[in-house]
1. Look through I61, I73 and report the one residue that is of a type in the set (A, V, I, L, M, F, W, C), crowded, with 19+ Cβ neighbours inside 10 Å, under 23 Å from G130 (Cα atoms) and touching a Leu at 6+ places or on another chain (Cβ under 9 Å).
2. Return the residue satisfying two criteria in turn: it lies in region 97-135 and is of a type in the set (K, R), in a helix (DSSP H, G or I) and at pLDDT 95 or above, and of such residues it is farthest from L174 (Cα to Cα).
3. Has region 71-85 got at least one residue that is in a helix (DSSP H, G or I), of a type outside the set (D, E, K, R) and free of Cβ contacts under 8 Å to residues at least 60 places away in the same chain?
4. Kindly provide the set of residues from region 140-155 that are surrounded by 14 or more Cβ atoms within 10 Å (Cβ to Cβ) and either outside any strand (DSSP E or B) or modelled with pLDDT under 70 (or both), ordered by number.
5. Does S41 satisfy being among the hydroxyl-bearing types (S, T, Y) and touching a Ser or Thr at 6+ places or on another chain (Cβ under 9 Å)?
6. Scan V103, V95, V70 and give me the residue that is β-branched (V, I, T) and out of contact with any Asp or Glu (no Cβ under 8 Å at 6 or more places or on another chain).
Amino acid sequence: MILETERLILRGWDESDAEECYRYAKDPLVGPPAGWPAHTSVENSRQIIRDLLAVPETYAIVLKETGLPVGSIGLHHNELAEAEDEYELGYWIGVPYWGRGLVPEASRALLRHAFEDLGAVRVWCRYVEGNQKSARVQEKLGFEYQGPSESIVSRQTGETRHGHINLLTRERWLVLTGR
């Protein structure tokens, strides 16, 4: 599936995206605040694309003006979103694109897809302590604070992080979007 916004194309990841993925995911300001280690090489990014990113409902955030990926966004089932009609929204974007409203733009498209096409009733989102940029994105999207999460141990880094959980229900999304 391909989703489009005014400035973005959301499409599946391909191994040929490894160089662009590495360009942004090697930055320690990107992965570690989200709970995953910075990528170490183009080949490392290629392997991560193969193993983690090239899966259903995970999309490369591609700038229409360049045709190149600058981040990633996806809907996942996990311990927060175990039911078939629930998802967790996750995202990251390269530092040069911070503060441009691209993640909220991509997230709005993915939330529409989740609620309209996938039949989601709840979409969860979380951020780790100190990641105020992610917290702000979730606030802009209308997610409501549910409270602190249990300490999160990153599968990738082994670090224990304190997190915060937010929720957007289908009913709230319908009101916020005027649908």
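1. On the way: I61 fails: under 23 Å from G130 (Cα atoms).
The match here is I73.
2. Step one: filter region 97-135 for residues of a type in the set (K, R), giving 100, 108, 112, 122, 126, 133.
Subset that is in a helix (DSSP H, G or I): 108, 112, 133.
Narrowing the set further to residues that are at pLDDT 95 or above leaves 108, 112.
Values: R108: 12, R112: 10 Å.
Across region 97-135, the extreme among qualifying residues is R108.
3. Filtering region 71-85 down to residues in a helix (DSSP H, G or I) leaves none.
No - not one qualifying residue is present in region 71-85.
4. First, the residues of region 140-155 that are surrounded by 14 or more Cβ atoms within 10 Å (Cβ to Cβ): 141-143, 146, 149, 152, 154.
L141, G142, F143, S149, I152, S154 - these are the residues of region 140-155 that are surrounded by 14 or more Cβ atoms within 10 Å (Cβ to Cβ) and either outside any strand (DSSP E or B) or modelled with pLDDT under 70 (or both).
5. Values: among the hydroxyl-bearing types (S, T, Y): yes; touching a Ser or Thr at 6+ places or on another chain (Cβ under 9 Å): no.
Here the answer is no, as S41 does not meet what is asked.
6. Working: V95 fails: out of contact with any Asp or Glu (no Cβ under 8 Å at 6 or more places or on another chain); V70 fails: out of contact with any Asp or Glu (no Cβ under 8 Å at 6 or more places or on another chain).
So the residue among V103, V95, V70 that is β-branched (V, I, T) and out of contact with any Asp or Glu (no Cβ under 8 Å at 6 or more places or on another chain) is V103.
The values are calculated or read from the model by the stated rules, or taken from the named source; none is laboratory data. These numbers were taken from a predicted model, which means no experiment stands behind them. Quick reminder, even Gly has a Cβ in these numbers, built from the backbone with ideal geometry, and neighbours come from all protein chains shown.
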